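In what follows, a structure is listed as structure tokens, so that the remarks can point back to it.
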Amino acid sequence: MTWKSMIPGCEIEDIKADRRTAKSIEQYKVSEKAVYVKAEYIPISQIRGLHMQPSLYTPSCSCGKGIPVFKIRIDCGKDKPVVLMLEKEKNAERMISMISDVNESIRDDTG
């Protein structure tokens, strides 16, 4: 599979080796260098800020009832932030912690 950086011009060398070291958090993976989302990745060095908030996911035909989720907004210099949706709060906190541990200059707006 070919992995594509969400930020053109900020590719990671030896992406396959980095992907093998990534830890799974629900449907995402986080390594020392990137956050993997489907067939794309966000280089952690390009992440400027993180924000976590509780939300509701309302699938179609759900009669207005929502499933509680946690969204992580990642500011990485794109026009719009990347929003990741996680089911469990502890997983969202773990992801923020893993990303912040690698890049200590990231602004954490979760508090």
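Okay, here's what the table says:
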read-out: Share of carbon and sulfur in the accessible heavy-atom surface of the chain [1.4 Å probe, %]; value: 49 percent
read-out: Gained length - LEU56 relative to GLU104, 0.36 nm times residue gap less alpha-carbon distance; value: 14.3 nm
read-out: The chain: relative contact order in percent, alpha carbon pairs under 8 Å with at least 6 residues between; value: 23 percent
read-out: Residue among GLY66, GLY49, GLY77 with the largest mean-square fluctuation in a Gaussian network model of the chain, springs linking Cα atoms under 10 Å; value: GLY66
read-out: Residues of the chain: accessible area per residue with a 1.4 Å probe, Å²; value: 63 Å²
read-out: Pairs beyond 26 Å (Cα-Cα), from LYS33/LYS65; LYS4/LYS90; LYS38/LYS88; LYS38/LYS80; LYS4/LYS71; LYS4/LYS65; value: LYS33/LYS65; LYS4/LYS90; LYS4/LYS65
read-out: Cα long-axis angle, helix 89-102 against the chain (0 to 90 degrees, to the nearest 10); value: 20 degrees
read-out: Student exercise, the chain dipole from Lys, Arg, Asp, Glu Cβ charges, in Debye to nearest 20; value: 380 debye
read-out: For the chain, built as a Gaussian network whose Cα springs stay under 10 Å, the top-fluctuating residue of ILE42, ILE67, ILE96; value: ILE67
read-out: Residue of PRO68, PRO59, PRO43 that the Gaussian network model of the chain assigns the largest fluctuation, springs spanning Cα pairs under 10 Å; value: PRO59
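The values are calculated or read from the model by the stated rules, or taken from the named source; none is laboratory data. This structure is a prediction, so every number in the text was calculated from the model and none was measured. As a convention, Cβ positions derive from the backbone with ideal geometry for all residues, glycine included, and neighbour counts pool all protein chains shown. Surface areas here come from the heavy atoms of the whole protein model, side chains and all, with no ligands, DNA or RNA. Shrake-Rupley method; radii C 1.70, N 1.55, O 1.52, S 1.80 Å.
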